[in-house]
Amino acid sequence: MTEEQLATLGRVLRLAPGSRLVDLASGSGELLCTWARDHGITGTGVDISTVFTAAARGRAVELGVADRVRFVHGDAAGYVAAEPVQVACCLGATWIGGGFDGTVGLLRRSLAADGVIVVGEPYWRRAPDAESVAGCGVGSDDEFGSLPELLRRVGGLGYDVVELVVADQEGWDRYEAAQWRNVRDWLVGHPNDELAPEMRAELSAAPERYARYRREYLGWAVLAMMPR
């Protein structure tokens with residue numbers, strides 16, 4: 001998601017000052033840190049990466065919200081908040097619950113009675129063939145459905161969809177292209193590393209593969225849902 005879309009998501013969730021959030025697989029902490037700054041929420045982020053956890057803590061200091069958010073280094077797969085939260089999030093990491101359904105179930109364990117679950121999940125923008133599935137780095141075409149199928153799935157789990165923010169191709173571009181620059185910078189600094197040939201090959205192939213497959217076939221949506 002772009003910064004603007006993340007901000008839009010925070011606005012449409014109608015976050016009240018003092019609301020408690022939990023963000024599983026919180027990455028570099030942008031969601032909690034910017035929402036704490038803009039909406040006065042408090043929250044906890046959990047991520048298994050020490051690098052991301054350190055970056056998230058630094059971001060909290062940078063935005064002046066270190067007294068309102070905390071970041072825990074740990075496995076988000078089994079994390080349940082000590083107190084019920086108003087918003088339970090997992091954006092783009094539903095493998096922590098064994099898939100979409102399991103992650104929704106995990107998040108509900110932290111949720112207050114009137115709370116909102118927020119999940120980001122890929123979907124097929126168009127029906128893929130086997131080549132496109134492989135090009136997108138997906139195990140099989142039935143790993144994801146279309147956007148209507150994803151929304152119907154939420155209803156089947158006993159939830160109402162109350163908000164939706166859909167990433168566009170610009171968001172995909174910013175996400176993917178930043179990785180190419182990072183790999184390029186790494187190659188410049190580590191030309192003799194044993195991984196350099198593999199990383200060079202990946203950088204040479206990644207832009208075309210992305211433009212041919214992922215950009216055209218794979219979408220990403222963030223759904224906000226409430227139990228019925």
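Of all residues in the stretch 1-29, count the ones that are of a type in the set (A, V, I, L, M, F, W, C), open to solvent by 40 Å² or more (accessible area, probe 1.4 Å) and not in a helix (DSSP H, G or I). Spell out the reasoning first.
Initially, the stretch 1-29 is screened for residues of a type in the set (A, V, I, L, M, F, W, C), giving 1, 6-7, 9, 12-13, 15-16, 21-22, 24-25.
Those left that are additionally open to solvent by 40 Å² or more (accessible area, probe 1.4 Å): 1, 12, 16.
Next, from what is left, pick out any that are not in a helix (DSSP H, G or I): 1, 16.
Residues that pass the stated criteria total 2.
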Search result, residues across the stretch 159-202 that are modelled with pLDDT under 95 and in contact with a Lys or Arg (Cβ under 8 Å, 6 or more places away or on another chain): Gln169, Trp172, Asp173, Glu176
Test set (1) open to solvent by less than 10 Å² (accessible area, probe 1.4 Å); (2) in a loop (DSSP other than H, G, I, E, B) - Leu32 fails condition number: (2)
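Within the group Ala82, Ala93, which residue is small (Gly, Ala, Ser) and open to solvent by less than 50 Å² (accessible area, probe 1.4 Å)?
Working: Ala82 fails: open to solvent by less than 50 Å² (accessible area, probe 1.4 Å).
Exactly one residue qualifies, and that residue is Ala93.
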Answer residue from the stretch 133-182, given it is closer than 20 Å to Leu203 by Cα, aliphatic (A, V, I, L, M) and within 18 Å of the chain's Cα centre (by Cα) and is most open to solvent (accessible area, probe 1.4 Å) among those: Ala178
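Please report, ordered by residue number, the helices (runs of 4 or more DSSP H) entirely within the stretch 121-228 with at least 2 residues that are farther than 29 Å from Arg108 by Cβ.
On the way: elements: 130-135, 147-156, 169-189, 196-209.
Ranges flagged: 130-135, 169-189, 196-209.
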Count - residues of the stretch 35-62 that are outside any helix (DSSP H, G or I) and surrounded by fewer than 17 Cβ atoms within 10 Å (Cβ to Cβ): 3
Qualifying positions in the stretch 101-120 - open to solvent by 30 Å² or more (accessible area, probe 1.4 Å) and either touching a residue at least 60 places away in the same chain (Cβ under 8 Å) or outside any helix (DSSP H, G or I) (or both): Arg108, Arg109, Ala113, Asp114
Top-ranked residue in the stretch 186-207 [being open to solvent by less than 80 Å² (accessible area, probe 1.4 Å) and farther than 18 Å from Gly135 by Cα; ranked as nearest to the chain's Cα centre (by Cα)]: Trp186
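On the given criteria, is Gly78 at pLDDT below 95 and more than 29 Å from Glu170 (Cα to Cα)? Outline the logic, then answer.
On the way: at pLDDT below 95: yes; more than 29 Å from Glu170 (Cα to Cα): yes.
Yes.
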Qualifying residue in the stretch 162-180 (condition: closer than 22 Å to Gly27 by Cβ, in contact (Cβ under 8 Å) with a residue 40 or more places away in the chain and of a type in the set (Lys, Arg)): yes
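The values are calculated or read from the model by the stated rules, or taken from the named source; none is laboratory data. Fair warning: this is a prediction, and the values are worked out from it, not measured in the lab. Cβ sites come from the backbone with ideal geometry, for glycine too, and all protein chains shown count toward neighbours. Keep in mind that these areas ignore ligands, DNA and RNA; they rest on the heavy atoms of the full protein, side chains included. Shrake-Rupley method; radii C 1.70, N 1.55, O 1.52, S 1.80 Å.
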